[in-house]
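Taking it in order: structure first as structure tokens, then the write-up.
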Amino acid sequence: MPALIMWIIWKRRNSIKHGGNVTLNNMIWQVQDMLRKLLKSLYPWMKIGKEDWPHMVTLLKEYKPRLHYYYVTWKFPATDRLKCNTDGACRGNPGKSALAFCVRNEFGDLIYAAAIGIGIATNTEAESMAIKEALGFCQSINL
């Protein structure tokens, strides 16, 4: 909110500096309108009309976010196939990073696994390097 209000004050300052005039009521309306637009873009499922400030504050106080969850399971690879899972992680972004991957057969038995510290990297770099290492291993054993 402070940034939004400061932006409206800055716009008023520039308008007055260049010969325009913005009233206090107009500034309040601009803040409310910008907040309404921000809320509509962040929370499109919320019913936000032309409420005044107290109604918007009440609406936000009473808001309870929807929780979404998915049931995720690991699936065995098809017959005569192998499955390779990769992961890269970092502490901080960038930060101290590592990668890991494992290869399993159609019964879920572990064929090979590796974990490597890679120094300072971003999370995207760690994930990408994990895929590269896994592909390199698979290529080295002619998969």
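Descriptive notes on the structure:
- Whole-Hz couplings from phi, Karplus 6.51/-1.76/1.60, listed for segment 127-135; x for Gly and Pro: 4, 5, 5, 5, 5, 4, 4, 5, 5
- Cleavage-rule hits (chymotrypsin sites (Phe, Trp or Tyr not before Pro)) in segment 79-129: DSSP loop, at most 10 neighbouring Cβ within 10 angstrom: PHE107
- Sequence-distant residues sharing a close amide H with ILE111 (under 5 Å, placed H): VAL103, ARG104, ASN105
- Hz values of 3J(HN,Hα) by residue in segment 7-12 - Karplus curve (6.51, -1.76, 1.60), Gly and Pro given as x: 4, 5, 4, 5, 4, 5
- Rounded if a/c under 1.5, otherwise prolate or oblate - the chain, Cα gyration tensor axes: prolate
- Each listed q (0.30 Å⁻¹) maps to a log10 I(q)/I(0) for segment 2-62, found by the Debye formula over equal Cα scatterers with no solvent: -1.28.
Throughout, read-outs are computed from the coordinates displayed, never taken from laboratory work. Every value quoted in this text rests on a predicted model; they were computed, and no experiment measured them. Please note: Cβ atoms are built from the backbone with ideal geometry, for glycine as well, and neighbour counts cover all protein chains shown.
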